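Below: one structure, written as structure tokens.
Nothing in this text is a laboratory measurement; each read-out follows from the coordinates by a stated rule. The structure presented is a predicted model; accordingly, all values stated were derived computationally and were not measured. In this analysis, Cβ positions are derived from the backbone assuming ideal geometry, glycine residues included, and neighbour counts consider all displayed protein chains.
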Amino acid sequence: MICNFRRLSFLAASVVGLAMALAACAASPTPYQAVGDDGGYADQQLESDRYRVTFEGNDATSRETVEDFALYRAAELTLQTGNDYFRVVSKEVEPIIGAVRGVSPGIGIGIGTGNVGFGLSTALGGGRPDYSYVTYLDIIVYEGEKPENDREAYSAFDVIERLKPAVTGSVDGDEGEVAE
Amino acid sequence: MFSSSAWGRPWLAIAPLLFLISACAMETPYQPGEGGYGYEEQQIEGNRYRVIFAGNPSTPRETVQNYLLYRSAELTLQNGFDYFTVVDRDVERSTRYYSHGYVDDFGFHNRFRGRSFRRFYRPSFYSSKAYPVSEYSSIANIVMAEGEKPKDEPNAYDALDVVQQLQPLIRQNAE
């Protein structure tokens, strides 16, 4: 009876632990969207032709995706402001280390009587932090043909053309939902 | 130490959080830092300055960047110049962790009924969570100049333009 109860609760704990681990993995990546609780893009005008574009991913979003989406937003912004190409003045990808959670199994030894017991327990394991990425792009937008020999200059139209499959694909079929 | 059951103890999780929130709920305003949070500058030579903005843990990185740029522009105008060139820039992040945890140990209540002292061995689970709290400080070396900013220099900023764009974002301390 006692033994059963212990087994059951042990089993329950294992199931809960497993469920928690699965839930953490099951989160879907941040879609291409304006920034909200789950990440997204944001932009800030710094000068009449200069913007800072930010894309923040959640912990299920890969670094490549975060970089692509920031670049896509930069291109979109360039066209929206009536320009043709942009120049990346500075680019930074910041890894964000989130909360470190852990359920560590341990082993305890103690002594007790009645409903009271004392013991010592040691944990055998550690936690794993959540990682996510934020990309910051400082860009200057320009009109006209992009200069041939400028490595930092991107044709907005071309970037949109190339990255569109990655951007719309990530919305999981809701292709019409690409934010304005 | 064993506890009888720790499943229903949300207050354990909330207590350190409440402490954190009460400790630093306000963003660093646009203010001189004087060694703490805020902006600071050092003249290196005639028209060259090092500008720093340090934000507290509630201040987002973007805000720190905006305030640094705004301070650089303001300083340029105050010195009678028109534009500044950012020679180098850096953002630094420092992170501290706050953690809490508790031990779950199962099936304790029925264990010793009607018995005298008895040894026990049992599995336990130590559940823990550590919260990172980061603060950013931003630093730039700038060179100021008079006249129109050069067209082909991406690191040159028109001071008046920057002030106009960022003005709406500047939050100063209410006197």
Fill in the blank from the handout: For residue B:151, the aspartates and glutamates lying under 15 Å Cα to Cα, once residues fewer than eight places off in the same chain are dropped, come out as A:47, A:49, A:143, A:150, B:82, B:161
Practice task
Mind jotting down the distance between the C-alpha centroids of the stretch B:53-98 and the stretch A:50-81, whole Å?
Solution key: 22 Å
Fill in the blank from the handout: Charge dipole of the stretch B:124-175 built from unit charges on the beta carbon (Lys, Arg +1; Asp, Glu -1), centred at mean Cα; most positive-end Cα among B:163, B:136, B:126 is B:126
Exercise for the section: Would you mind ranking A:109, A:140 so that the residue whose beta carbon has the fewest other beta carbons within 10 Å leads the list? Expected result: A:109, A:140
Completion exercise
Counting only residues 5 or more apart in sequence or on a different chain, those whose built amide H sits under 5 Å from that of residue B:87 are B:141, B:142, B:143
Fill in the blank from the handout: Taking 0.36 nm per residue of separation between residue A:81 and residue A:111 and subtracting their Cα-Cα distance, the length gained on full extension comes to 3.5 nm
Practice task
Express in whole angstrom the spacing between the alpha-carbon centres of the stretch A:135-162 and the stretch B:133-175.
Solution key: 23 Å
Completion exercise
With R₀ set to 30 angstrom, the calculated FRET efficiency between the beta-carbons of residue A:33 and residue B:99, to the nearest 0.05, is 0.40
Exercise for the section: Report the calculated FRET efficiency for residue B:50 and residue A:42 (r = Cβ-Cβ distance, R0 = 41 Å), to the nearest 0.05. Expected result: 0.90
